[in-house]
Amino acid sequence: MPRIPEETKLERQERLLRALRAAPGGMTEAELADELGLKRRTVNNYLRELEVSGRIYREGTFWFFDPESRANQLHRLEVSPEQAMTLYLATRLLVKQNDKRNEAAESALYKLADALVGEMNVGEEIRQAARELAERPGDRSYSQVFQAVVRGYLYRRAVWMRYKPRGQRPFEVTVRPYLIEPSAIGFTTYVIGRGDPPGALRTYKLERILEARLTGDSYSIPADFPGLEILRHAWSIIHGEELVEVVLRFHPAVVDRVLETRWHPSEERYEDPDRPGYLIWRAQVADTTDMLPWIRGWGSEVEVLAPPDLREYLAGEAARLARLYGAPHSADDGEDGLYNLLFGE
């Protein structure tokens, strides 16, 4: 059986301590194993170690957190109601973003919940978010990749990877991480950095990294690397210096919904001078690839006016959909379009 990394062990022990802290009546070994989603043998080993360190004690079959132990003293975090709600919303986004179990994130959420003080009742909601994250399916390979990439970025150490692009064969690459960025599209996370080979800036999807490990090669992020500014013109994660102007025409049925949100920093919105009630939306983006799911989501309530290749692509896709569903003809379905089917009230 492979040895559990020391960092994972410490994170699990933190979760065990928090479970006991939240249970003043104590918990049995079996209850802890069920709560943490771990084997009883593993939990038993952790309990013994924490007992020796004086952080917990046992009475019969029940284990208790020792609040008097100096090792258990917590730093408290004073926040305003608005700040507390901001932290809660951030944890909700974190949980929605992760489709796999992330024990490091769980531990961080429990620490945050324990540190919050005042009259804001968000601590339990944050604990609930951590428990929800714990219910995600485990993926040990992804956890190891995540740990290696994060530590490479934080400690400025190059990371060796075995990477498999979609539809291609795996290859080996050494990456110097410059930025780690989540994407709402597909619940994914990316690392942007210098890849060798080819010795140039590249973007790698964490879910496509088969293996990763830290190397002894240190690096510095170049002074001319723009940081988050590199994504200013990206729709989500695909960046570049050349920009594409995207022009869309929205049906009156969804104009209010479009105007509720600012979708991109460069966007412009105004009424269509040729078709009253319709909205023209335009933006300058680095690439339209990761924009496609958003455009598709509006269904027949949006028309691509530019660029021509994007319009042609979606026209071909619409024709294929018509053949797939055996549609005898196209029609203006108004509020019965795909977007309202999915998101309408």
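So if I place +1 on the C-beta of Lys and Arg and -1 on the C-beta of Asp and Glu, and nothing else carries charge, what would the dipole magnitude of segment 140-228 be about its Cα centre? I want it in debye, nearest 20. Walk me through the numbers before you get to the answer.
Values: 14 positive and 7 negative charges, 54 e Å.
For segment 140-228, the charge dipole is close to 260 debye.
Taking every alpha-carbon pair under 8 Å whose residues sit at least 6 apart, the chain reaches a relative contact order of 10 percent.
Cα gyration tensor of the chain, axes a ≥ b ≥ c as square roots of the eigenvalues: rounded (a/c below 1.5), prolate (a/b > b/c) or oblate? All intermediate terms of the calculation are to be shown ahead of the outcome.
Details: a/c = 2.30, a/b = 1.71, b/c = 1.35.
Prolate shape, in that a/c is at least 1.5 and a/b is the bigger ratio.
Taking every alpha-carbon pair under 8 Å whose residues sit at least 6 apart, segment 6-72 reaches a relative contact order of 33 percent.
What is the dipole size for the chain, taken about its Cα centre, with +1 at each Lys and Arg Cβ and -1 at each Asp and Glu Cβ, in debye to the nearest 20?
On the way: 47 positive and 55 negative charges, 390 e Å.
So the dipole magnitude of the chain works out to roughly 1880 debye.
For segment 241-298, the fraction of alpha-carbon pairs lying more than 19 Å apart is 27 percent, rounded to a whole number. Can you classify segment 140-228 as rounded, prolate or oblate using the Cα gyration tensor, where a ≥ b ≥ c are the square roots of its eigenvalues, rounded means a/c under 1.5, and otherwise it's prolate if a/b beats b/c and oblate if not? It is rounded, given that a/c, with a ≥ b ≥ c, falls under 1.5. Each helix, a run of at least 4 DSSP H residues, gives -39500 (n - 2.57); summed and divided by the residues of the chain, these come to -12000 deg cm²/dmol at 222 nm.
Of the residues 113, 141, 225, the one whose Cα sits farthest towards the positive end of the charge dipole of the chain is 141 (charges of +1 on Lys and Arg Cβ, -1 on Asp and Glu Cβ, taken about the Cα centre).
So for segment 140-228, averaging the separation of alpha carbon pairs under 8 Å that are six or more residues apart and normalising by length, what relative contact order in percent results? Provide the component values of the computation, followed by the final result.
Details: 175 pairs, mean separation 30.9, N = 89.
Relative contact order here is 35 percent.
Each reported figure results from applying straightforward, stated rules to the coordinates on display, with no laboratory input. For clarity, every value in this text was computed on a predicted model and none was experimentally measured. Every residue, glycine among them, receives a Cβ derived from its backbone with ideal geometry; neighbour counts consider all protein chains shown.
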